[in-house]
Amino acid sequence: MPEASPPVGRATLPAGATLARRRPVRVVLAPTNRAGFDPVDPYVRRWWTCVLGPTAVTDLLRLVRAAERDETILRPVGLPRLVAAGLAHRRGDVVVVPLPVPPVGRPHLDRIPHALRARHR
């Protein structure tokens, strides 16, 4: 009798693809003097999600929680987006999250649909 699901493994990956290994990272919060928002503020969830997507914003919240609990976590999938936006920095196996989270500004604001951009102001 054949199996109900296809086999999963390296043999099923497309040619040239590799399995990425997610390594543990330690997270450090870095207070700054800039104006901004607490990571759990509704502003962060609404507007940064428009810019970065829900995965990256969820990863930001996971990073902050891990730092508060002094835990290591697996390197988040959305970390490159957070780094590109300036919401996190990498230093080897340490991720630094500057707080507070800044408001969405240019050029990030241009990624928000025009109809929502007016509400942001």
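Just a few scattered comments:
- Failed condition for Arg81, given (1) touching a residue at least 60 places away in the same chain (Cβ under 8 Å); (2) surrounded by 14 or more Cβ atoms within 10 Å (Cβ to Cβ); (3) assigned to a helix (DSSP H, G or I); (4) not acidic (Asp, Glu): (1)
- Pro103 meets each of the listed conditions (1) in contact with a Phe, Trp or Tyr (Cβ under 9 Å, 6 or more places away or on another chain); (2) within 23 Å of Pro31 (Cβ to Cβ); (3) open to solvent by less than 40 Å² (accessible area, probe 1.4 Å) apart from (3).
- Here the condition is being of a type outside the set (A, V, I, L, M), at pLDDT below 90 and either in a strand (DSSP E or B) or loosely packed, with under 10 Cβ neighbours inside 10 Å (or both); of Arg26, Arg21, it holds for Arg21 alone.
- Of all residues making up the stretch 91-108, the number that are without any contact (Cβ under 8 Å) to a residue 24 or more places away in the chain and either part of a loop (DSSP other than H, G, I, E, B) or under 23 Å from Ala35 (Cα atoms) (or both): 4
- Residue tally, condition under 13 Å from His108 (Cβ atoms) and not in a helix (DSSP H, G or I), over the stretch 29-62: 1
- Taken together, the criteria place Ala67 among residues that are crowded, with 17+ Cβ neighbours inside 10 Å and in contact with a strand residue (DSSP E or B) (Cβ under 8 Å, 6 or more places away or on another chain).
- The one condition in (1) farther than 25 Å from Leu116 by Cβ; (2) open to solvent by less than 90 Å² (accessible area, probe 1.4 Å); (3) of a type in the set (D, E, K, R) that Asp59 fails to fulfil: (1)
The values are calculated or read from the model by the stated rules, or taken from the named source; none is laboratory data. What you see is a predicted model; the values in this text were computed from it and never measured. Glycine also receives a Cβ, built like all others from the backbone with ideal geometry; neighbour counts cover every protein chain displayed. Each accessible area value is taken on the protein alone, full model and side chains, heavy atoms only, with ligands, DNA and RNA left out. Shrake-Rupley method; radii C 1.70, N 1.55, O 1.52, S 1.80 Å.
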